Amino acid sequence: MIKAVIFDLDGVIVSTDQLHYEAWKHVADQEDIYFDEKINHRLRGVSRMDSLNIMLEKADKTYSESEKEKLAKTKNDYYVDLLKQLSPNDMLPHVYDVLLNLKEQGIKIAIGSSSRNAKTILKYLGISCLFDAIADGTDIENSKPAPDVFLRAAEKLGVSYSSCAVIEDATVGIEAAKKAGMLAIAVFDAKKSEQADHKLDDIRDLLSIV
Ligand code: G16
Ligand code: MG
C-alpha cells in the first residue's frame, strides 16, 4: 500500500528547463562552447556539477577544478536570478489539485529533487508548507540515477521505501526510484523508460494508482 508520494520538482511540478537552458547557454557563450537544446535535454535530473561536465564535452580546452567551480557559480547566479520570475501560475497543470487531493486522503507528500535551489523554487510557487518532507541536492552526495534523494525523502517522512511512489519526468529519475525499491511513475520524457511501473499522460491519473 502506498503511504507517500515523492515528487520530482523540475519537470513535474514546474518546468524550469528553459531557465536552466538560458543559464547554461549564458556560460557556454561566454566560454565559446557549442550548446543547444538537445544537450540541455541530457541535463534533466542531473546535478549541477555533472551537468557542467556534460556541457564541457564540447569545449576545446580542459578546465581545472577551480575553473569548473567558477563556471558552476556563474551558471547558478544567472539561474537564481531567472528564478525570481516564477510565481504560483507557473505550476504545471493540475499539480496543485493533485497535491491537495493526496493530502486529503492522508497520503504524505515529499519533494525528491537533485536541485540545490529546490526550497527557493517552492517558495516562489507558494507551496513550501504543503510538503511533509523535502529532500534535495543539499541532502545528498550522489544525484539521480543514484537512489539517494528518494531514500532520504522516505527517511525524512518516516515511511518505508516500499510504501513510497515516485513521480518523475526524467529517465534517470525512474532508474533512481527503482533502485530505491519504490513504485516508479513516469510523466513526459520519463515515459521512454522501460523501468517505469506506470506511464501517465495526465498527472490526475496518479489519484487512481495510489
Ligand atoms: C533538477 C534539474 C536538473 C538540474 C538539477 C540541479 O533536478 O532537472 O536539470 O541540473 O536539478 O539543479 P541546481 O543547479 O539548481 O542544483 P530535478 O531532480 O528537480 O528534476
Ligand atoms: Mg525532473
Filter result for the condition that a residue is buried (at least 16 other Cβ atoms within 10 Å of the Cβ) and out of contact with any Cys (no Cβ under 8 Å at 6 or more places or on another chain), over LEU100, LEU151, LEU130: LEU151
Across segment 54-82, what is the number of residues that are under 30 Å from SER193 (Cα atoms), of a type outside the set (A, V, I, L, M, F, W, C) and surrounded by 13 or more Cβ atoms within 10 Å (Cβ to Cβ)? 4
Within segment 137-150, work out how many residues are in contact with a Gly (Cβ under 9 Å, 6 or more places away or on another chain) and within 25 Å of MET1 (Cα to Cα). 5
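Suppose the filter is more than 15 Å from ligand 2 (Cβ to nearest atom), in contact with a Lys or Arg (Cβ under 9 Å, 6 or more places away or on another chain), assigned by TED's automatic domain parsing to the domain that holds GLU175 and farther than 17 Å from ASP17 by Cα; does LEU130 pass it?
yes
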Tally the residues that are part of a loop (DSSP other than H, G, I, E, B), under 17 Å from TYR78 (Cβ atoms) and within 16 Å of ligand 2 (Cβ to nearest atom), restricting the search to segment 28-45. 1
Could you check segment 16-42 and list, in sequence order, the residues that are within 18 Å of ASP81 (Cα to Cα) and either surrounded by 15 or more Cβ atoms within 10 Å (Cβ to Cβ) or of a type in the set (Lys, Arg) (or both)? THR16, ASP17, LEU19, HIS20, TYR21, ALA23, TRP24, LYS25, HIS26, VAL27, ALA28
Matching residues, segment 103-115, being surrounded by 19 or more Cβ atoms within 10 Å (Cβ to Cβ) and farther than 14 Å from ALA165 by Cβ: SER113, SER114, SER115
Determine which single condition GLY45 fails, assuming it passes every other condition in (1) assigned by TED's automatic domain parsing to the domain that holds ASP132; (2) surrounded by 15 or more Cβ atoms within 10 Å (Cβ to Cβ). (1)
For segment 3-19, state whether one or more residues are under 29 Å from PRO147 (Cβ atoms) and more than 16 Å from ligand 2 (Cβ to nearest atom). yes
Subset of segment 137-163, residues modelled with pLDDT of 95 or more and either among the small types (Gly, Ala, Ser) or touching a Phe, Trp or Tyr at 6+ places or on another chain (Cβ under 7 Å) (or both), comes to GLY137, ALA146, LEU151, ALA153, ALA154, GLY158, SER160, SER162, SER163
For segment 157-171, name all the residues that are surrounded by fewer than 20 Cβ atoms within 10 Å (Cβ to Cβ) and of a type outside the set (S, T, N, Q). GLY158, TYR161
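The values are calculated or read from the model by the stated rules, or taken from the named source; none is laboratory data. Computed from a predicted structure; not experimentally measured. Methodologically, a virtual Cβ is constructed for each residue, glycine included, from the backbone with ideal geometry; neighbour enumeration extends over all protein chains shown.
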